[in-house]
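Contents: one structure, followed by commentary.
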Amino acid sequence: MFRRLQPAPATVGFFLDGAPCAAAAGDSVAAALLAAGIAEFSAAPRHGAPRGPYCMIGQCYGCLVEIDGMPYRQACLTPVAEGMQVRRMTACEEPS
């Protein structure tokens, strides 16, 4: 799938669904998850089909996740930060 061309010079620790993960400093959340082999970020609201990043430039909204308790954040536009809590969204969640 996705892999780094060079080793990351510095790493940042964050959590995905409560599990510890590591990312290269400066990565977006989407890039960090893809590099970790995670391509399913949420489920489509209507049918529950898995969704993941498509454009990586903030135009498609395929990469929506909850970040530090804030739902519907675009993972491709959010830089990963130390201790960040990321949670995948499910199809049954409604905006509050």
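List of remarks:
- Checked against the criteria, Ala91 does not count as modelled with pLDDT of 90 or more, among the small types (Gly, Ala, Ser), outside any strand (DSSP E or B) and surrounded by 12 or more Cβ atoms within 10 Å (Cβ to Cβ).
- Inclusion of Val65 among residues that are touching a residue at least 60 places away in the same chain (Cβ under 8 Å) and either surrounded by fewer than 19 Cβ atoms within 10 Å (Cβ to Cβ) or β-branched (Val, Ile, Thr) (or both) is not warranted.
- Odd one out for Cys76 among (1) surrounded by fewer than 19 Cβ atoms within 10 Å (Cβ to Cβ); (2) assigned to a loop (DSSP other than H, G, I, E, B); (3) not β-branched (Val, Ile, Thr): (1)
- Look at (1) touching a strand residue (DSSP E or B) at 6+ places or on another chain (Cβ under 8 Å); (2) surrounded by fewer than 17 Cβ atoms within 10 Å (Cβ to Cβ); (3) of a type in the set (Lys, Arg) and you find that Arg46 fails only one, number (1).
The values are calculated or read from the model by the stated rules, or taken from the named source; none is laboratory data. Being a predicted model, the structure only gives us computed values, none of them experimental. Please note: Cβ atoms are built from the backbone with ideal geometry, for glycine as well, and neighbour counts cover all protein chains shown.
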